[in-house]
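A short worksheet on the structure shown next.
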Amino acid sequence: MIMATEERVLVKPPSEVAKQRPGEIEDASWLPVKVKVRNLNFHYGGHQALFDNSIDIPASRVTAIIGPSGCGKSTHIRVYNRIFEIYRSHKAKGTVEIDGENVLSPATDILKLRKKVGMIFQRPTPFPMSIFNNVAYGVKLHYRASRGEIADRVEDALKRGALWDEVKDKLGEPATALSGGQQQRLCIARAIAVEPELILMDEPCSAIDPVATSKIEDLIETLRDNYTVVLVTHNMQQAARVSDFTAFFYKGRIVEFGATKKIFTNPDSGQTEDYITGRFG
Ligand SMILES: Nc1ncnc2c1ncn2[C@@H]1O[C@H](COP(=O)(O)OP(=O)(O)OP(=O)(O)O)[C@@H](O)[C@H]1O
Ligand SMILES: [Mg+2]
C-alpha cells in the first residue's frame with residue numbers, strides 16, 4: 001500500500017458520494033461542479049472553432065461529449081489543460097474554472113494543472129521507454145517518492161488500468177511492443193498514476209478492438225468512483241453505456257447538455273435528436 005507523506009496523500013480514499021447508476025436520470029444542478037466553462041471561444045489562427053461554449057461538468061461523474069466530426073469536441077477539451085498552447089496561433093477566450101480557478105489565467109501553474117488534468121488521446125502515445133518507466137515518469141516528476149513507493153505506485157496504476165496481469169512479468173520491456181489496446185490501457189495507467197482529479201479521454205477506444213474497448217469501459221466505470229471523467233466518443237452505445245451526462249456539440253456550439261438518459265430518449269433539441277437517431281453526422 002502506498003504511504004501518505006506529510007503534505008500530500010498519495011492515494012485518495014474512494015469518494016463517499018452516493019451515485020446513480022449510468023443511465024439513470026440525475027439532476028446535474030445538485031452536483032458539485034468540477035469544470036465551469038463560460039463563453040469559451042476558440043480560434044485556430046483565422047478559423048473560429050468554438051462559439052460561446054458554456055457548460056458545468058459535474059464532479060465525480062462521467063460526461064460524454066458527442067457530435068459530428070469537426071464540431072469542436074477535441075478543441076473544447078484541449079482547453080482544459082491548456083495543451084493547445086503549444087501552437088502560438090491557437091487562442092482561447094472566455095473562462096474555464098476548474099475547482100473555481102480560471103485555468104486560462106496567466107497566473108496558472110501549468111505543471112500543477114497538467115497533474116490535475118490528465119489526458120488520454122485517440123491513438124495511444126506511449127513514451128519510447130519501458131512499460132515500468134512509462135508509468136513511473138510522471139510519478140517521479142510530481143512526487144518526491146522513494147524507489148519502493150514508485151514501484152508500488154506503478155503496480156497500483158497498472159492494476160487500476162486493468163493491465164497488470166498482462167505485463168507484470170515484462171515491466172522492463174519497451175512499451176511500444178504492446179498491442180494497441182494494451183498501449184491504450186498503459187496510457188490510462190500512466191495518466192492515473194499521478195492522481196489527476198479530472199481525466200480527459202479523446203475517443204480512447206477508436207483504435208482498439210471490442211475486447212480492449214470493453215476493458216476500457218469497465219475501467220471508466222471504476223474511475224468514476226474517484227475521478228471526474230470527460231469522454232469524447234463517436235460511439236453512441238458507448239456514451240449511453242458509460243456516461244452519466246452527455247453534451248451534444250454541433251458546429252462549435254454546445255447544443256444541449258443533460259442526463260445521458262434524457263439526451264438519448266427525450267432530447268430538447270431537434271438537432272440532438274437527428275444526430276442520435278443517425279439522421280446526420
Ligand atoms: N490545428 C488546426 N488548425 C486549424 N483548424 C483546426 C485545427 N484542428 C482542428 N481544426 C478545425 O477546428 C474545427 C474543430 O475541430 P476538432 O478537431 O475540435 O473537431 P472534433 O469534433 O474533435 O472532430 P473529430 O470527431 O473528427 O475528432 C474543425 O473545423 C477543424 O477543421
Ligand atoms: Mg476530435
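Numbers at a glance
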read-out: Pairs with Cβ under 7 Å, 6+ apart, first in the range 137-154 and in a helix (DSSP H, G or I), second small (Gly, Ala, Ser); value: GLY138/ALA193; VAL139/ALA145; VAL139/ALA193; ILE150/ALA136; ARG153/ALA145; ARG153/ALA193; VAL154/ALA136; VAL154/ALA193
read-out: Residues located in the range 269-281, provided they are touching a strand residue (DSSP E or B) at 6+ places or on another chain (Cβ under 6 Å) and either within 21 Å of PRO58 (Cα to Cα) or in contact (Cβ under 8 Å) with a residue 40 or more places away in the chain (or both); value: THR272
read-out: Neighbours by Cβ (under 8 Å, 6+ apart or cross-chain): first from the range 112-124, in contact (Cβ under 8 Å) with a residue 24 or more places away in the chain and within 16 Å of ligand 2 (Cβ to nearest atom); second hydrophobic (A, V, I, L, M, F, W, C) and in a loop (DSSP other than H, G, I, E, B); value: GLN122/ALA207; ARG123/ALA207; PRO124/ALA207
read-out: Residue check, PHE132 aromatic (Phe, Trp, Tyr), surrounded by 15 or more Cβ atoms within 10 Å (Cβ to Cβ) and within 16 Å of ligand 2 (Cβ to nearest atom); value: no
read-out: The range 209-229: number of residues that are over 23 Å from ASP156 (Cβ atoms) and either among the polar types (S, T, N, Q) or within 16 Å of ligand 2 (Cβ to nearest atom) (or both); value: 1
read-out: Residue list for the range 168-193, restricted to those being under 14 Å from ARG153 (Cα atoms) and outside any helix (DSSP H, G or I); value: LYS168, LEU171, ALA193
read-out: Scan of the range 194-227 for residues that are in a helix (DSSP H, G or I) and not hydroxyl-bearing (Ser, Thr, Tyr), ordered by number; value: PRO210, VAL211, ALA212, LYS215, ILE216, GLU217, ASP218, LEU219, ILE220, GLU221, LEU223
read-out: Any hit, the range 61-74, residues being farther than 23 Å from PHE280 by Cβ, more than 16 Å from ligand 2 (Cβ to nearest atom) and either crowded, with 22+ Cβ neighbours inside 10 Å or at pLDDT 95 or above (or both); value: yes
read-out: VAL167 vs. criteria modelled with pLDDT of 95 or more and within 25 Å of LYS34 (Cα to Cα); value: no
read-out: Some residue of the range 200-208 being hydrophobic (A, V, I, L, M, F, W, C), in contact with a Leu (Cβ under 8 Å, 6 or more places away or on another chain) and away from ligand 2 (no atom under 15 Å from the Cβ); value: no
read-out: Failed condition for ARG38, given (1) in a strand (DSSP E or B); (2) farther than 25 Å from LYS115 by Cα; value: (2)
read-out: Some residue of the range 247-254 being closer than 23 Å to GLU166 by Cβ and of a type in the set (Val, Ile, Thr); value: no
read-out: Residues that are within 16 Å of ligand 2 (Cβ to nearest atom) and touching an Asp or Glu at 6+ places or on another chain (Cβ under 7 Å), drawn from the range 230-246; value: VAL232, THR233, HIS234, GLN238
read-out: The one condition in (1) surrounded by fewer than 23 Cβ atoms within 10 Å (Cβ to Cβ); (2) touching a strand residue (DSSP E or B) at 6+ places or on another chain (Cβ under 7 Å) that LEU219 fails to fulfil; value: (2)
read-out: Residue that is surrounded by the most Cβ atoms within 10 Å (Cβ to Cβ) [pool: residues in the range 145-178 that are touching a Pro at 6+ places or on another chain (Cβ under 9 Å) and of a type outside the set (Ser, Thr, Tyr)]; value: ALA175
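The values are calculated or read from the model by the stated rules, or taken from the named source; none is laboratory data. Keep in mind that this is a model prediction, so the values were computed, not measured. Positions of Cβ are generated from backbone atoms using ideal geometry, with glycine treated the same way; all protein chains shown enter the neighbour counts.
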